[in-house]
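Remarks on the structure that follows.
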Amino acid sequence: MRLSQFHLATVKEVPAEAELVSHKLMLRAGMIRKLAAGLYTWSPLGLRVLRKVETVVREEMDRAGAIEMLMPTIQPRELWEETGRWEKFGGQLLKIADRKAQEFCYAPTAEEVITDFARQELKSYKQLPVNFYQIQTKFRDEIRPRFGVMRAREFLMKDAYSFHLGQESLAQTYQAMYDAYGRIFTRLGLKFRAVQADTGAIGGNASHEFQVIAESGEDAIAFSDGSDYAANVEKAEALAPTVARPAPSIPLVRVDTPRQKTIDDVSAFLKVSPQQCVKTLLLKGREGLVALCLRGDHEINEVKAGKLAELPGESVLASEEEILAAVGARPGSLGPVGLPDHIPVIVDRSAAVLADFVCGGNLDGTHYTGANWERDARVTRIEDIRQVVAGDPSPDGRGTLQLARGIEVGHVFQLGAKYAEALNATVLDDQGKAQVMLMGCYGIGVSRIVAAAIEQRHDDAGIRWPEAMAPWRVAVCMINPKGLPEVTAAAEALYAQLAERGIEVVFDDRGLRPGSMFADMELIGIPHRVVVSERGVAAGTLEYRARDEADSRQLGIDELFALLA
Ligand code: ATP
Ligand code: MG
Ligand code: MG
Ligand code: MG
């Protein structure tokens, strides 16, 4: 690729709206552009990286025996009624109606559709086991879309679904997927950990999340310092309930009498529009100040809000239970709809947990969803989690639990009979008897991986792609201010030779000054850079620098090819 023919659109300024380094760098490198909250356009550069991830995922899924297919992103309501999830899925489900008033949702996942496919296509145990997958866009109306493509609303997921007669077969495919995931994340050059996850409401026998280790991660994982045990914190807590420990306390600093502050006050204070106030709560949450605007119109909740305002003192310690007690609510029953307008409370950063807790599943002020509530009510600060499980004995009895932060990039799950039963997906067994199939499901956040990789691999100059994800492996930078034909010829020849060898190469023929050219190549993270200049051509050498090395060195062309082989 010649850069003069490509659309590269890097920017120097650090975008104000981005908090995470990956979000900043993806914007600065011009990989993504925001269309609306949680919706991103992938530029030609960004798409090259996304496709790289997709390729590795596809190759390893194929190698593990899964079969690719493609399902629609628009799914009919009736199917979701059959599993009961039309109601239960909650606010993340984007519901749409067509011109005939038929209702649909935009796929947040595809258990219903694949099980419907399976009940029609699979008739005999002889067709099992089978593992179908797709790499397809999903939409989840996330409460807080943020961090760019890390938590987007529209995103690219690889989702696979396996069908079985019997638990043994399910366990086998589950293991095959677990192994494939290990290969995928290893090939992508990520530091990751597979952790046990809760099977929660769905039940089932086993579930693991694949977490990319990063301080900025939204998940917390617990692992043993004396064994291979690793679990996400919910699971670790569930397994180690016998250890007596105090409930985490949450300091709440009240800056003013909450009732005297209006949303307008808060919006002026934070310099955002009143409409943005509620969102601002969480965007600012990591930086320090958190403004919590509670909006709603429910009568009964006047009372609850009043009670919240009566929490004593300038600064109080309040646990989850204390707050629930203070506002007279049952666990899971609090939401912003439940609180009246004009009750912003300003709390400090350490109260982010409280903010999550009171706001629950709703930040747009339009609806409250119980399904999301529980998740967001969780203790999310690493300090609090430390109090909860760190230092506890590992559930396997070997070592003590340590904590780390992670980004969930993959999730494997033994679903068991749940969906096949609801949709009556059966096959005939060898006795000619109808049997409900067992299922597994296996997800990978393809687009999230791009951001997660940057979280792990960057420096002050920009992204440091692992080879498998780089938009191009090599950049040929031509420095030729005098327009010397021998320099142009040497750069062209090198470009052609690299391409001939099947090495992905980008030729920077834009005629920029060396500083700008190098800054761009470092920002977009090209692993290898070769400079062709008048001096080098005269000396018969190439100036080479690896993205991860501080200095450049002179190489002969054969040495370069050997290095890139
Ligand atoms: P999270 O806990 O981060 O909300 P999840 O557990 O809801 O993720 P799954 O239902 O397990 O997600 O979906 C499979 C994978 O899809 C996840 O492991 C993650 O990598 C990716 N994913 C989920 N939600 C998003 C999102 N909003 N933006 C980008 N990727 C996502
Ligand atoms: Mg989620
Ligand atoms: Mg999750
Ligand atoms: Mg998950």
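The values are calculated or read from the model by the stated rules, or taken from the named source; none is laboratory data. Small disclaimer: the values here were computed from a predicted structure and weren't measured. With ideal geometry, Cβ positions are generated from the backbone for all residues, glycine too; neighbour counts draw on all protein chains shown.
The set of residues from the range 414-437 being at pLDDT 95 or above and over 14 Å from S169 (Cβ atoms) comprises Y419, E421, A422, L423, N424, A425, T426, L428, Q431, G432, K433, A434. Scanning the range 493-510 for residues that are in contact (Cβ under 8 Å) with a residue 12 or more places away in the chain and either farther than 22 Å from T10 by Cα or aromatic (F, W, Y) (or both) yields L494, Y495, Q497, L498, R501, I503, F507. Scanning the range 127-148 for residues that are within 16 Å of ligand 3 (Cβ to nearest atom) and under 13 Å from the mean Cα position of the chain (by Cα) yields K138, R140, E142, R144, P145, R146, F147.
Reported count of residues in the range 532-565, each being surrounded by 14 or more Cβ atoms within 10 Å (Cβ to Cβ), in contact (Cβ under 8 Å) with a residue 24 or more places away in the chain and touching a Lys or Arg at 6+ places or on another chain (Cβ under 8 Å), is 4. Note on the range 428-492: enclosed strands (runs of 3 or more DSSP E) holding 1 or more residues that are within 16 Å of ligand 1 (Cβ to nearest atom) and in contact (Cβ under 8 Å) with a residue 40 or more places away in the chain are 438-445. Across the range 216-233, the qualifying residues are those that are among the charged types (D, E, K, R) and within 16 Å of ligand 1 (Cβ to nearest atom), and the one among them that is nearest to Y174 (Cα to Cα) is D219. Confirm whether V505 is of a type in the set (V, I, T), more than 26 Å from R48 (Cβ to Cβ), away from ligand 4 (no atom under 16 Å from the Cβ) and modelled with pLDDT of 95 or more. Against the criterion (of a type in the set (V, I, T), more than 26 Å from R48 (Cβ to Cβ), away from ligand 4 (no atom under 16 Å from the Cβ) and modelled with pLDDT of 95 or more), V505 does not qualify. Could you please let me know if Y106 is of a type outside the set (V, I, T) and closer than 22 Å to M439 by Cβ? Here the answer is no, as Y106 does not meet what is asked.
Hey, does the range 389-412 have a residue that's in contact with a strand residue (DSSP E or B) (Cβ under 8 Å, 6 or more places away or on another chain) and at pLDDT below 75? The answer is yes; a qualifying residue exists.
The set of residues from the range 1-41 being at pLDDT below 95, touching a helix residue (DSSP H, G or I) at 6+ places or on another chain (Cβ under 6 Å) and of a type outside the set (A, V, I, L, M, F, W, C) comprises just one member, P15. Just to be sure, is I135 hydrophobic (A, V, I, L, M, F, W, C) and either in a helix (DSSP H, G or I) or within 11 Å of ligand 1 (Cβ to nearest atom) (or both)? Judged against the criteria, I135 is not a match.
Here the condition is being farther than 21 Å from T55 by Cβ, surrounded by fewer than 18 Cβ atoms within 10 Å (Cβ to Cβ) and in contact (Cβ under 8 Å) with a residue 60 or more places away in the chain; of Q172, Q136, Q167, it holds for Q167 alone. Looking at the range 51-108, which of the residues that are among the polar types (S, T, N, Q) and over 23 Å from L128 (Cβ atoms) is farthest from ligand 4 (Cβ to nearest atom)? Restricting to residues being among the polar types (S, T, N, Q) and over 23 Å from L128 (Cβ atoms), the top hit is Q102. Looking only at the range 395-427, filter to residues that are more than 17 Å from the chain's Cα centre (by Cα) and among the acidic types (D, E); which one of those is farthest from ligand 1 (Cβ to nearest atom)? Within the range 395-427, the match that is farthest from ligand 1 (Cβ to nearest atom) is D396. Has the range 98-111 got any residue that is within 25 Å of the chain's Cα centre (by Cα), closer than 18 Å to I444 by Cα and surrounded by fewer than 18 Cβ atoms within 10 Å (Cβ to Cβ)? Within the range 98-111 (the criterion being within 25 Å of the chain's Cα centre (by Cα), closer than 18 Å to I444 by Cα and surrounded by fewer than 18 Cβ atoms within 10 Å (Cβ to Cβ)), the answer is no, since none of the residues qualifies. Residue check: R144 meets all listed conditions (1) touching a Phe, Trp or Tyr at 6+ places or on another chain (Cβ under 7 Å); (2) within 16 Å of ligand 1 (Cβ to nearest atom); (3) not aromatic (F, W, Y) but one, namely (1). Filtering E121, E111, E142 for residues that are within 16 Å of ligand 2 (Cβ to nearest atom) and under 15 Å from A425 (Cα atoms) leaves a single hit, E111. Of everything in the range 427-467 that is basic (K, R) and more than 16 Å from ligand 4 (Cβ to nearest atom), the residue that is nearest to F132 (Cα to Cα) is K433. Within the range 226-242, track down each residue that is at pLDDT 70 or above and hydroxyl-bearing (S, T, Y). S227, Y229 - these are the residues of the range 226-242 that are at pLDDT 70 or above and hydroxyl-bearing (S, T, Y).
The set of residues in the range 49-99 being in a helix (DSSP H, G or I), touching a helix residue (DSSP H, G or I) at 6+ places or on another chain (Cβ under 8 Å) and farther than 26 Å from I143 by Cα consists of V49, K52, V53, E54, V56, V57, E60, M61, R63. Residue count for the range 60-85 satisfying the condition of being basic (K, R), out of contact with any Asp or Glu (no Cβ under 6 Å at 6 or more places or on another chain) and surrounded by fewer than 17 Cβ atoms within 10 Å (Cβ to Cβ): 1.
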